[in-house]
Each structure stands twice: as structure tokens, then as C-alpha cells.
Amino acid sequence: TFFTIWPAHILVLHIGTKNSAVSLKFTVQVQSKNGGAAVSVVESPLTHPFVVITHKDQWKGSAGALLKRDAFGGLAEIPWAQFANSLQRHFIRATKQDPTAPKRALSSRDLLYFHATFFGGQQTIHHAQFDKFWVWLGSTLNTLRHQRPILQLWLNGLLYGFVSKNEVETYLMQVEPGTFLIRFSETKPGSFTIGYRGGYPSGETEAKHYLVTPSDHALHKTLPDFICQHAQFRDLLQLITDPASGQLVLMKVNKHAALDPFCSKRQRTPEPFLPAKGYTPLCT
């Protein structure tokens, strides 16, 4: 017996669901080609929940609603391990990676950082803790997903991402002046902080931190453009997988070799500006 199965089409929905998760179910009428008149109805199971948005600004709210629904499933509290598993699945989806073979999923170190920094290492996660965490992570993932070319920097290990200020300083004091690392800001959700070893071209060799501000993006087309226009940043610490051990390690690479493919190719002259409080200004 042979059946005609119509090819799949892209489903277009013309209205949003206002951050509410919905599911769909499909039915197909099947008739035998052998001349039988009987028509069978085949019904699909419900799809995974999804949210229909009408603008990318709604992505943060909808992604948070789906993650919360998936992780908690109506419960008031869940174990950390259960939440971490749900977070990993949604992170891979948010960063547009193949779930069967992601190029760079969250590492165990990333999850430990979240657990310690935002949940105090507690083994049970509550709704209020998630809501506070998502204010930060939702903005960070929104930048990672939508701001060019941040996702490619992440996937290639050029953006370290999730790491504390103290850990960055530990790394930097083991390398030469002018070496830097890019992380997500803990105090300004969705923004970046560049940690760098001073002393190049100045003589101060301590670890420093610079918060990349919106005005920097007004002057420079992309984050790589901004970095490449400042002499303080010379060599980037790139996160790679050591082929011998399979462990994630930091490798120093020249910033132009690493970032030029992501620059706008437009030369700009850096201009002075005031840094945010608590961060080091850049010389021009």
C-alpha cells in the first residue's frame, strides 16, 4: 500500500502569544491508493511548547518563560542539577546550535560559575532566584544571539564569556602586558568587560578592567573594531580544546589574527570618553 504524504511547509503565524507558551497538534487524512474509499485520520502528538513573538525585543521574555516552564514544570522548587540540564538545552537553542553536536555548549565551568555567582551554591532553585538570574542571563543571551558578531566570537572561543573578575585577574597576572580577555559584565547585563594586563604601552603592569559602553559602539561598528583600535589590547586569550587532554585551555593569539575576520574593515580614529565608575579609562 502506498500513501501520498505532502511535503512539510513553513508555518506562518500572524499574531503573537504574549509570552504565553502554546503547543500545536496536527491531523492528516490518509487514503489508500489501492482504490479503497476509506479515509483514516492520523493525529500527531502535541508539539513542544513555543512562544510566538513579533519582534526580537520580545525574545528575552519569551525565552525566559519557556526555560522556566521547562525547568520547573509547575513545581515551586527544583534541584540544581535539573535546572542545569534545562538551562543547557535552552542555551544551545538560543545560540542556534545543532543540539546533537553543539560547537560550544555551556561547559561545566560555566555552570559552576552560574551556580556560585547567582545561586550561592544552593542545591535547590526557587522561582524568585530564577527570575533574578534571568534578568542578567536573559539580557546576556539576547546580546549573544542578536548582536553581530558576538555569537561567532563565542563559538570560536574568542569571547570567554562567563567568568568572574577575580578569576580573570588570576589569568592575567600570569601573562605578558597587553594580554586581554573578553567576558560578560556581571553588573551591566548584556554588556562586555575587557580584562587586560597593563604595562603596554604604559608601564603599569596590574590587571585592569574596561567596561565597553554604548558610546563605544557608536564610535566603532563592532566589538572587534573597538578592540583593534586600542593599543592597550595586544594579545587575546582564546579558549580552545587541548587535543591531547580534551580540556578547555587558554591560548594567547594576536588580536588582529583573531579578530580581523570579524571587523568592519573600516578604519576609525579612537576618541576619548569617560569610563564607568570602577573601571579603568583607556588612553587614546
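The values are calculated or read from the model by the stated rules, or taken from the named source; none is laboratory data. Everything numeric here is computed off the predicted structure, so don't read it as measured data. In this analysis, Cβ positions are derived from the backbone assuming ideal geometry, glycine residues included, and neighbour counts consider all displayed protein chains. Surface areas here come from the heavy atoms of the whole protein model, side chains and all, with no ligands, DNA or RNA. Shrake-Rupley method; radii C 1.70, N 1.55, O 1.52, S 1.80 Å.
Observations on the structure shown:
- Set of aspartates and glutamates with alpha-carbon distance to Lys60 below 15 Å, sequence-local pairs under 8 removed: Asp131
- For the range 180-261, a/c is not less than 1.5, where a ≥ b ≥ c are the root eigenvalues of the C-alpha gyration tensor, and a/b tops b/c. That puts it in the prolate class.
- Between Met251 and Gln97, the distance separating the two model label sites (each 7 Å from Cα on the Cα→Cβ line) works out to 1.8 nm.
- Span from the the range 61-106 Cα centroid across to the the range 132-161 one, whole angstrom: 15 Å
- Of the residues Asp235, Asp57, the one with the largest accessible area comes first in the ranking Asp57, Asp235, computed with a 1.4 Å probe on protein heavy atoms.
- With a Förster radius of 22 Å applied to the beta-carbon distance between Arg109 and Gln152, the computed FRET efficiency rounds to 0.55.
- For Lys103, Lys68, the ranking by accessible surface with the largest value first comes to Lys103, Lys68, using a 1.4 Å probe.
- Cα gyration tensor category, rounded, prolate or oblate, for the range 63-133 with a/c compared to 1.5: oblate
- Which listed pairs, of Lys56/Lys252; Lys68/Lys255; Lys103/Lys188; Lys103/Lys132; Lys96/Lys208; Lys188/Lys221, have C-alpha distances above 30 Å, in listed order: Lys56/Lys252; Lys68/Lys255; Lys96/Lys208
- Extension gain for Ala76 to His217 (0.36 nm times residue separation, less C-alpha to C-alpha distance): 46.7 nm.
- Gyration tensor (alpha-carbon) shape descriptor, the range 105-263, a/c threshold 1.5: prolate
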